[in-house]
Each structure stands twice: as structure tokens, then as C-alpha cells.
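Structure, as C-alpha cells:
The values are calculated or read from the model by the stated rules, or taken from the named source; none is laboratory data. Bear in mind that the values here come from a model prediction, so they are computed numbers and not experimental data. Virtual Cβ from ideal backbone geometry, glycine too; neighbours counted across all protein chains shown. Only protein heavy atoms, including side chains, enter the accessible area calculation; ligands, DNA and RNA are left aside. Shrake-Rupley method; radii C 1.70, N 1.55, O 1.52, S 1.80 Å.
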Amino acid sequence: MTIATAIAHPNIALCKYWGKRDRALNLPATPSLSLTLAPYATRTTVNWGAEADEAWLNGKLLDGKEARRVFMNLDLLDPWRPRCVVTSENNFPTAAGLASSSSGFAALVLAASAASGRQRSIEELAVFARRGSGSATRSLYGGWVEWPMGTRADGTDSHGIPLAPQDHWDVRMLVAVLVSGPKGTSSTDGMVHTQQTSPYFPVWTECAPRDVVEARAAVKSRDLEALGAIVERSAMRMHASMMAADPPLCYWRSGTLAAIEAVKSLRASGVGAWYTMDAGPNVKVLTAAADAEKVRAALAAVADRVELLAPGGPARVE
Ligand code: DP6
């Protein structure tokens with residue numbers, strides 16, 4: 001096959017990846033745990049054997065750093081590859097802290113590998129996806145996924161690992177969209193800056209592994225209250241580490257705090273809901289399927305738009 005298309009869903013980390021133990025191999029300084037979410041998706045077609053390297057995202061030709069990131073990833077898959085045309089579409093806002101790079105690089109490696117005609121294991125693909133963007137290693141799998149730091153120097157044991165499938169637990173993730181433009185500081189730059197300048201960074205990396213151990217148990221036993229508490233604490237500790245950087249890094253906007261307050265009021269009124277934020281101002285809220293409408297109504301009072309997401313399946317070739 002010389003043309004192939006793949007679809008991948010983004011994931012939201014419930015326990016966060018923030019920091020790198022090896023920049024060249026893109027190995028994480030923390031383990032993480034995520035939920036893959038539909039109907040958000042990236043659909044990517046790779047034409048393996050074209051006149052020139054070209055990468056298109058949502059109808060726009062990528063250049064500079066963005067294009068280099070795509071083609072460097074294809075070079076890893078095959079250093080002797082032919083020139084390729086990559087066409088990618090997201091059905092959700094790109095680069096607004098909504099994890100578009102997670103679905104992007106998962107769909108890219110899967111489509112490129114199918115187009116090249118070379119069989120690869122899902123673990124190998126998950127390592128290639130990690131090199132493109134760390135969080136992408138989790139988006140090759142559906143449902144609940146862990147990404148361990150790994151111990152090998154070459155990073156071959158640091159990739160997404162499925163924890164429980166999409167249908168394991170009927171939860172919802174609501175996204176309070178506060179700002180949908182591209183973000184100011186990329187997650188890559190933000191985490192490197194935090195690691196280099198924040199006195200809180202070592203404490204963050206020290207606490208993170210325990211969060212993953214406890215979150216894994218909460219997912220397995222479907223204990224939403226236990227999981228929710230870990231989700232909030234992981235997000236707040238990650239953001240605290242970057243706010244203590246020099247100069248400080250804060251992705252929040254006033255609407256972020258308004259959404260956090262809305263979630264706390266919901267909980268005070270007996271609705272189980274827990275917030276998390278990534279490298280952007282938007283707030284994502286974890287809740288049970290049965291409470292999703294109540295959460296949506298509360299967030300609608302403080303957000304421009306509210307999106308409702310549910311556990312999604314693994315990345316797949318079309
Ligand atoms: C806050 O995976 O985008 O969303 O590996 O440098 O591409 P790179 O970073 P990326 O970082 C994601 C950071 C996060 C937390 C998470 O998804 O675990």
C-alpha cells in the first residue's frame with residue numbers, strides 16, 4: 001500500500017506527564033494515566049511516495065518547526081523513506097490545550113506505517129508516536145491507558161499500555177471551552193522551562209508516581225470519587241510546578257477559575273464532578289454518564305461552549 005488513512009482520538013491525562021527525563025528520545029520525567037476520548041478525532045492520510053514532502057493540517061500547509069516535527073517522525077519510521085504528503089484534519093480546535101498533538105501523532109504513525117507496507121507491532125508504533133509527541137503514545141489505545149517512564153536508556157519500554165478498554169466504565173469528560181485560539185507556550189517549551197527553572201519541579205516528579213498507582217486502582221474498581229480526587233491533585237500539582245517557574249508560567253485565564261468554582265459548587269450540591277487542566281486555559285470535567293447533563297448546564301454558565309466527550313476506541317486504519 002502506498003496511501004493509507006488512520007483515525008485516532010485524543011486523550012486527556014488524568015495523571016499528568018510534565019517534564020522529560022531525556023529530551024532527544026522524548027522520555028517522560030513522570031508516569032501518566034489517561035482516558036482516550038470520542039467523538040474528537042484526527043484523520044490523517046499519508047501518501048508514501050510523492051514528489052515533495054508536504055504536510056497539511058486543516059487545509060493549511062505546515063512550514064518551519066511544525067513541518068519538521070512531522071517529517072522527523074517519518075524519518076524515524078524509515079530513514080530511507082521516499083518523499084511523503086501528509087494530510088490531516090481535526091474535528092476539534094487545534095492547539096488549545098485539547099490534546100490535538102496526541103491524536104495527531106498517533107494517527108500519523110499508524111497511517112505512515114500502513115502506507116509504507118511494513119508490519120510493525122503496536123508497541124513499536126507507540127514508541128514512534130512518543131517520539132513525535134509524548135501524549136500520542138497513549139492515543140494508540142482506546143479507553144484507559146498508562147504510560148510508564150520506563151527504565152531502559154533507549155526508551156523502548158516507555159510507551160502507552162492499555163489499562164482497561166473503552167467500555168470498562170461509562171464516564172464522561174466535559175470540556176469547558178474558554179478560549180479556542182492557539183496557545184502561547186507549547187507544552188514542550190512549557191515543560192522544559194518548568195524543569196529548568198522551577199524549584200517545585202523535583203517535588204512534582206516525586207509525587208507523580210503515587211498518583212498513577214492510586215489512579216490505576218480507582219479505575220480498576222470504578223471508584224469515581226477516589227479517581228476524581230487524584231485527577232484534581234495531579235492537575236493542580238502540575239500547574240503549581242509551572243507557576244513557580246522563573247519567569248512563572250500560567251496557562252489559566254479568569255474563566256479557568258470560574259469553571260473550577262462551578263465544579264466545586266456542583267460537588268457541594270451532591271453532583272460528582274472533578275476538574276483538570278492541561279497546557280491551556282480550558283477546563284475538562286470528569287463525571288458519571290448519569291450526571292453529564294447537570295455538569296453541562298453548570299459549565300454553560302461560565303464557558304463559551306461546552307463539549308461532551310465519552311471514552312473512545314483505539315486508533316485504527318480506515
Ligand atoms: C499537559 O505530549 O504535548 O497535556 O511530548 O513535548 O509533545 P511533547 O508534549 P505533549 O504534552 C502533554 C502535556 C499535558 C499532560 C499530558 O497529556 O499528560
With axes computed from alpha carbons, what is the tilt in degrees of helix 187-197 against the longest principal axis of the chain, rounded to the nearest 10 within 0 to 90? 70
Cβ-defined net charge surrounding residue 265, 15 Å radius [Lys, Arg +1; Asp, Glu -1]: +1
Quote the charge dipole size of segment 8-124 about the Cα centre in Debye, to the nearest 20; the model charges only the Cβ of Lys and Arg (+1) and of Asp and Glu (-1). 320
Taking square-rooted eigenvalues a ≥ b ≥ c of the alpha carbon gyration tensor, is segment 115-169 rounded, prolate or oblate, where a/c under 1.5 means rounded and, failing that, a/b exceeding b/c means prolate? oblate
Taking the C-alpha atoms of segment 2-167, how large are the radius of gyration and the largest Cα-Cα span, Dmax, in Å? 14.7, 43
Carbon plus sulfur, as percent of the 1.4 Å-probe accessible area of segment 2-167, comes to 55
Given the chain, what count of lysine pairs have C-alpha atoms under 21 Å apart, with each pair 8 or more places apart or on different chains? 12
Using +1 at the Cβ of each Lys and Arg and -1 at the Cβ of each Asp and Glu in the chain, identify which of 106, 192, 160 lies farthest towards the dipole's positive end. 192
Net charge of neighbours whose Cβ lies under 12 Å from the Cβ of residue 27, counting Lys and Arg as +1 and Asp and Glu as -1: +3
Semi-axes of segment 230-295 from the Cα gyration tensor (sqrt of 5 times each eigenvalue, largest first, whole Å) come to 25, 11, 9
Debye, to nearest 20: dipole size of the chain, +1 on Lys, Arg Cβ, -1 on Asp, Glu Cβ: 180
Dimensions of the chain along principal axes (Cα, Å, largest first)? 60, 40, 36
Could you work out how much longer the chain between residue 38 and residue 288 gets when fully extended? Use 0.36 nm per residue separation minus the Cα distance between them, nm to one decimal. 88.4 nm
Determine ³J(HN,Hα), in whole Hz, for all residues of segment 311-318 in sequence, where each value follows from phi through the Karplus function 6.51 cos²θ - 1.76 cosθ + 1.60 and θ = phi - 60°; x replaces Gly and Pro. x, x, x, x, 4, 8, 7, 7
Check each of the trypsin sites (Lys or Arg not before Pro) in segment 57-145 and keep only those in coil by DSSP with at most 13 other C-beta atoms within 10 angstrom; list them in order. 118
What number comes out for the charge environment of residue 71, summing +1 per Lys or Arg and -1 per Asp or Glu over other residues with Cβ under 13 Å away? 0
Angle between the chain longest axis and helix 64-77 axis [Cα atoms, degrees, rounded to 10]: 70
List the trypsin sites (Lys or Arg not before Pro) in segment 1-49 that DSSP assigns to loop (not H, G, I, E or B) and whose Cβ has at most 16 other Cβ atoms within 10 Å. Which are they? 23
Taking the Cα-to-Cβ direction at residue 210 and at residue 121 and moving 7 Å from each Cα, how far apart do the two end points lie in nm? 3.4
Using R₀ = 25 Å, calculate the FRET efficiency as 1/(1 + (r/R₀)^6) where r is the Cβ-Cβ separation of residue 229 and residue 21; round to 0.05. 0.40
The farthest towards the positive end of the charge dipole of the chain, of the residues 56, 279, 244, given +1 on Cβ of Lys and Arg and -1 on Cβ of Asp and Glu, is 244
What is the distance in Å between the Cα centroid of segment 153-199 and that of segment 232-303? 15
Angle between the Cα long axis of helix 254-268 and the longest principal axis of the chain, 0 to 90 degrees, nearest 10? 60
If I model a spin label at residue 80 and residue 316 as a point 7 Å from the Cα along the Cα→Cβ vector, what separation in nanometres do I get? 3.4
When a/c is below 1.5 the answer is rounded, else prolate if a/b is larger than b/c, else oblate, so apply that to segment 95-240 with a ≥ b ≥ c taken from the square roots of the Cα gyration tensor eigenvalues. rounded
With DSSP loop assignment and no more than 10 other C-beta atoms within 10 Å, the GluC sites (Glu not before Pro) in segment 1-97 are 51
